[in-house]
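Read the structure below first, then the notes.
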Amino acid sequence: MSDVINSDLINVSLFKTKLVEPESNGRACYTHYAQSSENNRKVFKKEAVKFVKKTLQNQNYIQTEITNVVAEDALQYSLFDNSKEVPFPKPENPDFEFIDLFAGIGGFRISGQDVNGECVFSSEWDEPAKNTYFNNFGKIPFGDITKEETKKFIPHGFDVLCGGFPCQPFSNAGHRKGFEDTRGTLFFDVADILDRNIKNGTPIKVVFLENVKGLKNHDKGNTLKTIINVLKELGYETSYEILNSKNFGLPQNRERIFIVASLIENKKTFRFPYGIDENNDVIFDKENLNKAKKTQINDILESYPEEKYTISDKLYAGHIRRKKEHLEKGNGFGFSLFHRDSTHTNTISARYYKDGSEILISQEGKNPRKLTPREAANLQGYDKKFIIHSSNVQAYKQFGNSVSVPVIRTIFNEIKRQLL
Ligand SMILES: C[S@@+](CC[C@H](N)C(=O)[O-])C[C@H]1O[C@@H](n2cnc3c(N)ncnc32)[C@H](O)[C@@H]1O
């Protein structure tokens, strides 16, 4: 019997990381090398040369033997290759450096670059998200952040660690939880990176994390308490706040928790911005949120959306039926319809691609419509030049998972001003 692999016998997704990792570190190293400033390139060089060598060896029209020297020369040429201009290049003379973990499509990265920071490392394991990231920044993120294979490429001596890590419970209930008790969670890997940098004498100055609002009361508040404890154990003073995108010039009601921790020895405390006003000045006092920049859903809508975004009679009837059932059961779930002159929509989530039920836009004389992918990008504050994934399903997922850019940009600017 032949040894042909029968895909029914193998759950390929179990091997996903292993299959993807070896190759993507080469690509990640090559693109990180090409897109980093001179000081930060070193850590990627060896793998980048290997990647170039392997790539050139695979081109059968090249007759020359591809030695390390040839590959290294080719790599140097890549630094001067302007043919791959990207919409969001690194700043020329950055004021600080940061890393972008759980990077998604780079909401933290755009915001950090907007306030003149250089992103020196990124990690994201989802292939479609990596693709979008590459198209916009020219860098392919490294993969699974829990792996040594990934962590070993993080440069030393940068200023800010950023990330919207997935929220997971910490086990070992009952005793005071420390760094080691978070092992096996993604927060452990954040703490591990902080710890390694402390041990090698280049402590990271600031930690900037984002999560769902529910993190605050997750596991009766123990999850957040553990995070704060662990950061304290590592020498960081933590502040956190729940902020709403609708106070930052976006017509979206999106509440998220933001955590900013700064080295205790630097003796600096952080004051959160709560919003921005009509002049884009920061509002630091919750009492003044009535002065937040006014918005309308209309601001993010396209003038001529394609007809395909109007939902079918069948889908609309299904939405109406389900809403009626929910109402009869006494709960408020069901589709939500918005007029273009309303001040804000619901939160866009990663499941928006399914039926769009959380945000439907009403239309005169016809069924309501879904947001287009560009409108989803606008709703999260992404610039017009952002290159959106070619698959609508991926695009909606990516914007639903993303941070709101103006919120992160405002916090980042305050981190730079107050803590760096
Ligand atoms: C909530 S999203 C963050 C989105 C991002 N802040 C943005 O602006 O697009 C969390 C991301 O973490 C990624 N992720 C989860 N586990 C990971 C791991 N072990 N290594 C690398 N990325 C991971 C997911 O694929 C997802 O894109």
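The values are calculated or read from the model by the stated rules, or taken from the named source; none is laboratory data. Computed from a predicted structure; not experimentally measured. Cβ placement follows ideal geometry from the backbone for every residue including glycine, while neighbour counts extend to all protein chains displayed. To get the accessible areas, we keep the full protein, side chains included, count just its heavy atoms, and leave off ligands, DNA and RNA. Shrake-Rupley method; radii C 1.70, N 1.55, O 1.52, S 1.80 Å.
Any chance you could run the full-extension gain for E149 through I242? It's 0.36 nm times the residue separation minus the Cα-Cα distance, nm to one decimal.
30.0 nm
For a test of understanding, tell me how many lysine pairs in region 297-401 have Cα atoms under 13 Å apart, given they are 8 or more places apart or on different chains.
4
For K268, what accessible area in Å² do you get when you roll a 1.4 Å probe over the heavy atoms of the protein chains, rounding to the nearest 10?
Per-residue accessible area (K268): approximately 80 Å².
Can you tell me what share of the DSSP beta bridges in the chain is antiparallel? A percent to the nearest 5 is fine.
Bridges in the chain that DSSP calls antiparallel: roughly 55 percent.
Rank these by accessible area, largest first, 1.4 Å probe: T238, T226.
Largest accessible area first, the residues go T238, T226.
With Rg and the Kirkwood Rh both taken from Cα atoms, where does Rg over Rh land for the chain?
0.99
Considering only protein heavy atoms, what is the solvent-accessible area of K384 at a probe of 1.4 Å, reported in Å² to the nearest 10?
It works out to around 150 Å².
Picking from E328, E302, E97, which is most flexible by a Gaussian network model of the chain using Cα springs under 10 Å?
Top of the fluctuation ranking is E328.
Need the full-extension length gain, V212 to S362, defined as separation in residues times 0.36 nm minus the C-alpha distance. One decimal, nm.
Contour length minus the Cα-Cα distance gives 51.2 nm.
Report the extension gain between I264 and Y304 in nm, rounded to one decimal, defined as 0.36 nm multiplied by the number of residues separating them, less their alpha carbon distance.
Full extension from I264 to Y304 adds 9.1 nm.
For K232, which lysines qualify as cross-link partners when the Cα separation must be under 25 Å and same-chain residues fewer than eight apart are set aside?
Cα-Cα hits under 25 Å: K147, K151, K152, K177, K199, K205, K213, K216, K220, K267, K268, K416.
For K286, which aspartates and glutamates qualify as cross-link partners when the Cα separation must be under 12 Å and same-chain residues fewer than eight apart are set aside?
In chain and number order, the partners are E241.
Report the calculated FRET efficiency for L327 and K220 (r = Cβ-Cβ distance, R0 = 30 Å), to the nearest 0.05.
0.45
Roughly how many Å is it from the Cα centre of region 264-304 to that of region 124-166, as a whole number?
28
Heavy-atom accessible area of Y30 with all protein chains present, probe 1.4 Å, nearest 10 Å²?
Accessible area, nearest 10 Å²: 50 Å².
Quick check on the chain: helices-only [θ] at 222 nm, where DSSP H runs of length 4 and up contribute -39,500 (n - 2.57) each and the sum goes over total residues. Nearest 500, please.
Mean residue ellipticity, 222 nm, calculated: -11000 deg cm²/dmol.
Between N116 and Q76, what is the label-to-label distance in nm when each label sits 7 Å out along the Cα-to-Cβ direction?
In this crude spin-label approximation the distance works out to 3.2 nm.
For the chain, what % of the accessible area comes from carbon and sulfur atoms, probe 1.4 Å?
Heavy-atom surface of the chain belonging to carbon and sulfur, 1.4 Å probe: 49 percent.
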